[in-house]
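Colleague: Provided herewith is a single structure, encoded as structure tokens, for subsequent inquiry.
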Amino acid sequence: MRTDTGEARDQIAQWHELLGDVPFATKQGWDVREAIKAHVLASPYPVLPVDVARRWRAYRRDRLDRHTDPTPVADPDDPAAWRAELLGTRHAVAAGATAPATHRQITSGEPHPDIEERLAAIGSCIPPAARAELAKYRPTRASREAAIAAGGPDVLRVRCAWCHAAEGEPCRSRRVGLDGRARGNAPRATPHPSRIDLAAAAQTQQVAA
């Protein structure tokens, strides 16, 4: 504590200079009195400007970490106005004048517990009309889905013993050359017959179990 009037005045001026960018309080949860109180309760040492400034920087950093820049309303063909609006929004968020736009918080974490139940109820996240339009652009998938809907086995659930296509992968056209080696690796629109038989046997075994 400064007991001399001149020294106390100099100390106050120094604090004003060092903490000139720290607001007294904001509408978004910052209050310098709370910061000083937290320091007094946690530390045996007298509060210094750096203690307040450190808490203010942590407050700003936390707000900016939770903020996602919204799309500016300025003309995107005007880079100066676009950048000025972005910086203005960030400054308002960091200064505690505006709440962060927490888009990341909305989409973070695990899916809602009822998402899987809803998908199981509707069968797919693709509407039937859209799936019908897509069928002509992906005939292999459309044929597979039609076979499953008709009660047939999901052929891609098993590995192909002929072309060695992995589960989930379409069969490949493999021709054997005169040297005994496989030639060609183009995907087939239809699976190999042996793979269909293997998938049917696996389905039968699963039903029996």
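Colleague: Tell me which label goes with the value of semi-axes √(5λ) of the Cα gyration tensor in Å computed from the coordinates here: (i) 36, 18, 15; (ii) 68, 22, 20; (iii) 32, 17, 15.
Modeller: Identified label for the calculated read-out: (ii).
Colleague: Further question: Would you calculate a helix-derived [θ] at 222 nm for the chain, using -39,500 (n - 2.57) for each DSSP H run of n ≥ 4 and dividing by the full residue count, to the nearest 500?
Modeller: -15500 deg cm²/dmol
Colleague: Still on this structure: Of 96, 202, 18, which is farthest towards the positive pole of the chain's charge dipole, taken about the Cα centre with +1 and -1 on the beta-carbons of Lys, Arg and Asp, Glu respectively?
Modeller: Checked the options; the winner is 202.
Colleague: Expected output is a single nm value to one decimal: the length gained when fully extending between residue 18 and residue 115, i.e. 0.36 nm times separation in residues minus the C-alpha distance. What is it?
Modeller: Answer, rounded to one decimal: 29.7 nm.
Colleague: Leaving ligands, DNA and RNA out of it, report the carbon-plus-sulfur percent of the accessible area of the chain at a 1.4 Å probe.
Modeller: On the way: 8910 of 15640 Å².
For the chain, the apolar C and S fraction of the accessible surface comes to 57 percent.
Colleague: Amide H to amide H, which residues 5 or more places from residue 173 or on other chains are under 5 Å from it, using H placed in the peptide plane?
Modeller: 186, 188
Colleague: When the chain is treated as a GNM, springs tying every alpha-carbon pair under 10 Å, which of 118, 141, 181 comes out with the largest mean-square fluctuation?
Modeller: Among 118, 141, 181, the largest mean-square fluctuation in the Gaussian network model of the chain belongs to 181.
Colleague: Top mean-square fluctuation among 70, 100, 170, Gaussian network model of the chain, C-alpha springs under 10 Å?
Modeller: Result for the chain, Cα springs under 10 Å: 170 fluctuates most.
Colleague: Sort 5, 98 by heavy-atom solvent-accessible area, probe 1.4 angstrom, most to least. Kindly include the intermediate steps, with their values, before the conclusion.
Modeller: Details: 5 95, 98 60 Å².
Solvent-accessible surface, decreasing: 5, 98.
The values are calculated or read from the model by the stated rules, or taken from the named source; none is laboratory data. What you see is a predicted model; the values in this text were computed from it and never measured. Neighbour counts are summed over all protein chains in view; Cβ atoms, including those assigned to glycine, are modelled from backbone coordinates with ideal geometry. Note: areas computed on protein heavy atoms with side chains; ligands, DNA, RNA excluded. Shrake-Rupley method; radii C 1.70, N 1.55, O 1.52, S 1.80 Å.
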